[in-house]
């Protein structure tokens, strides 16, 4: 991590990632990038569905290969790059047949290393194999839920899932949330952990940097009027005044299950995630 001299109040606590030690270039491959318009928390009608989003610097979208459909063709990492649209680093992979793709960078991978997507690939970081041949206890990322459907699980910075067991055509994996889930054994997963594990330690230092990221201010409910929030009103600092925590629309957010009882994927969950300790 990179700290700064406290030349201003906002610099005092600012912590960033030392990109110079990791990245090899600051210019993305033009053929794999495109412009796009972010939703800014709006739906197709333009109504706010997620608050506190909007503004921010313009971004170019990098097309990331999550399908990894170049099977049995070795690829070489030619660059490690920053992606403003995700927390992990990305790498430009050049396959032996000349095709170039952006992929998520695993931890400990550097320029010049190679990887391959194959059922016979060795168990080294970056290689991609079916879950049925991955030993129990191995850390994996970019895990598929449906065979050929592309990576869906463990894709953000520092994340990984762990292979727990193999049973009757399924592989049990422990997710970053501590949930244990069954996945078909023919689904592919990459060996290792996602890069940029220090991402969670960052400190923006000032409100303006959050605005550059497209994060708008959040007002506390207790600072509002009673008409605007269940926590509002009162003289001076007040408690929330309600038995359970609620949203500004009165919806209970703590102590109530929100998952659909008959969700299709319930049958694949072996054990739920651990509850947070109060």
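Each reported figure results from applying straightforward, stated rules to the coordinates on display, with no laboratory input. Since this is a predicted model, take the numbers as computed values, not measurements. In this analysis, Cβ positions are derived from the backbone assuming ideal geometry, glycine residues included, and neighbour counts consider all displayed protein chains.
Observations, loosely collected:
- Condition met for residue 41 (free of Cβ contacts under 8 Å to residues at least 24 places away in the same chain, farther than 23 Å from residue 195 by Cα and within 19 Å of the chain's Cα centre (by Cα)): yes
- Top-ranked residue in region 1-60 [being touching a helix residue (DSSP H, G or I) at 6+ places or on another chain (Cβ under 8 Å) and exposed (fewer than 14 other Cβ atoms within 10 Å of the Cβ); ranked as nearest to residue 200 (Cα to Cα)]: 1
- Residue within region 80-87 that is out of contact with any helix residue (DSSP H, G or I) (no Cβ under 9 Å at 6 or more places or on another chain), surrounded by fewer than 16 Cβ atoms within 10 Å (Cβ to Cβ) and assigned to a strand (DSSP E or B) present: no
- Residue match in region 48-64 (condition: under 26 Å from residue 195 (Cβ atoms), touching a strand residue (DSSP E or B) at 6+ places or on another chain (Cβ under 7 Å) and assigned to a loop (DSSP other than H, G, I, E, B)): yes
- The lone exception for residue 207 - which of (1) surrounded by fewer than 15 Cβ atoms within 10 Å (Cβ to Cβ); (2) under 26 Å from residue 3 (Cβ atoms); (3) within 21 Å of the chain's Cα centre (by Cα) it fails: (3)
- Some residue of region 106-126 being part of a strand (DSSP E or B), closer than 24 Å to residue 200 by Cβ and under 21 Å from the mean Cα position of the chain (by Cα): yes
- Candidate set from region 102-157 (those that are in contact (Cβ under 8 Å) with a residue 60 or more places away in the chain and touching a helix residue (DSSP H, G or I) at 6+ places or on another chain (Cβ under 7 Å)); member that is surrounded by the fewest Cβ atoms within 10 Å (Cβ to Cβ): 107
- Residues (without any contact (Cβ under 8 Å) to a residue 40 or more places away in the chain and touching a strand residue (DSSP E or B) at 6+ places or on another chain (Cβ under 8 Å)) located in region 5-38: 18, 33, 34, 35, 36
- Subset of region 19-32 (residues that are outside any helix (DSSP H, G or I) and within 20 Å of the chain's Cα centre (by Cα)): 22, 23
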